[in-house]
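Computed from the coordinates by the stated procedures, all read-outs in this text should not be read as laboratory data. Quantities reported herein were computed from a predicted structural model and do not represent experimental measurements. Cβ atoms come from the backbone with ideal geometry, glycine included; neighbour counts cover every protein chain shown.
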Amino acid sequence: MSDFHRNLLPECATATHQANTVLSRRKAIISRVLDFCRKLTGKKAKAITEAVVEQTETQPEPAAAAPERRPRRTNAEYSRNDSQRPGRPPRERYDNQRQDGSRAAANHAERPRYDSPRPRRDSSNLGPKLNPDHQSDILPALRIISRDQHTISRKDISPNALKVLYRLNDAGFEAYLVGGCIRDLLLGLIPKDFDVVTNATPDEVRAVFKNCRLIGRRFRLAHVVFGREVIEVATFRGHHSGGEEEENIPAGVRSDHGQILRDNVYGTIEEDAERRDFSINALYYSVRDFAIYDFANGVEAIQQRKIELIGDPETRYREDPVRILRAIRFATKLNMDLAPATKALIPELAILLKNIPAARLFDESLKLLMAGKAFDNFVMMRDLGILKQLLPQVHKVLKQDSEGKMFSLITNALQDTDERVAQDKPVTPAFIYAALLWYPVELRMQTLLIESGLNDIDALNIAMTEVLDDLVRTIGIPKRFTLVVRDLWSLQGRLSKRAGRRAFKLMELPKFRGAFDFMQLRAKAEGGQLAELALWWQQFVHADDAEREELVLDLGKEGVEVKKPRRKRKPVRRKPAADQA
């Protein structure tokens, strides 16, 4: 053994002794804790035992114990299917019966008959709680469509929506799927979302669901959040006269024009159906009996491909003018026709859209322009006089030239957007609004150049600011979109200057691709030199580095910005020093 190892032995022995000491201390501590727990448990058990004995001596003898509950049968017991307990065989037997048809027939023939029929589920209290005293001059007689008369299955419904329905029912409330989801399922479409209506107030809904948040001031709603999916839960709406309102919240308020400003008034399911906008949306689906409750002949309207308002059209439009836009959107989306009474008053009452907040109009414009039916919606809004209220600058230019280059540009832009939506490609509202307002901006720019003598860049900036400010006051487009619109417009003038390294630098800009696509749409509408410019840029974008250099060299003096000659200043004649003295 070396000297190094000899010197190392005492150190190892010391370390081992210290480790053993630590382990022994830990064992002692653990044993003391266990002894303490045993003593404490023994004292508590002794006290409980004495209390039970004392209570038993003072109280009379208890009643006879209830018979023990029969344990749950196993699959082997179910397979016997004896007559002592009629019940459904397990799932495995049904699967085997599907695989072997002869065996299924034999088992069915040998299955014993029971003297007493199976108890049926009581469906007398599964439907909505209707008010027998309610008399409606608006709605027809209620039509109940049972499960065997419609095609809606729970497999087509969101599992999270079913959770909301079942939990509200278990909590003692009524709950139904309502509106567009039922309409789309009957038409064979995939619903975008699922809305629930209930007789529970928003605060009661929040008490049932921990993942719930309340939103809205005009219409108070509950959003039940399941990850990225949000189930919207609304309370039955009532009429402003006689409805129940929530505590500490004012009743429904109307403006001078008849528009509903606050609507936290709650009522019954009949009143809620009367408050629905269109007959195709007054359909209620219940998971208790899987039936559809049709309060306004909505199923018949779907079969007739008709969009019809519930009640008096003028009153309904004045209550919420956005229903004008919703009627157009449903007509184009579902390929239906507007009922004559629903369509007749739209040109007259379209001016009421000016009373709608700009932010809400922006949300509705997204649904009109970004859902795959932008061109059809635009044409319908132009024909019904709605464009004059929402986009007065566009209406003014189209009125002068209804089928000119502006209409051609808008048509190409909206049709391309519809194609991208159909192909599930990304779209942005900034590109659409840039196409809608380009010619109003160009017209205003020409006016400024003539009247004030500004240069092109300053005139364009002022024109863009004025047109966008007017638009934002009507349709509240967020700044993140208006900035993109300004970039697309400002790059149109720079794309004509391609000499030197300018073309290469323009391609490096983040908004170049959008500006190039926008210029191609303009070239389709205008033709001429702009079409040649768009063709050159298309070749430049798809070429390699060497070909791009050749394309720039072939331009020569073309594409170079022609600078205006600078005016020479007259020399200032200074007086001699003697004269100054």
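Counted by Cβ distance under 14 Å from Pro140, the other residues give a net charge of -4, where Lys and Arg count +1 and Asp and Glu count -1.
The order of the peptides 348-361, 185-198, 406-419 by mean Cβ neighbours within 10 Å, most packed first, is 406-419, 185-198, 348-361.
Just how large is the dipole of segment 438-490 about the Cα centre, in debye to the nearest 20, putting +1 at every Lys and Arg Cβ and -1 at every Asp and Glu Cβ? Display every interim value, and only then the final one.
Numbers: 5 positive and 8 negative charges, 63 e Å.
So the dipole magnitude of segment 438-490 works out to roughly 300 debye.
Each Cα pair of segment 452-544 feeds into the Kirkwood radius, which the Stokes-Einstein equation turns, at 25 °C and 0.890 mPa s, into a diffusion coefficient of 167 µm²/s. A cut-off under 11 angstrom between Cβ atoms defines the neighbours of Val427, and their net charge, with Lys, Arg +1 and Asp, Glu -1, is -2. For q values of 0.12, 0.23, 0.24 Å⁻¹, compute log₁₀ I(q)/I(0) with the Debye formula on a Cα-only model of segment 417-494, without solvent. The Debye formula, applied to the Cα set alone, gives -0.38, -1.06, -1.12. What does the charge count near Asn297 come to, summing +1 for each Lys or Arg and -1 for each Asp or Glu among other residues with Cβ under 11 Å from its Cβ? So the environment of Asn297 carries a net charge of -1.
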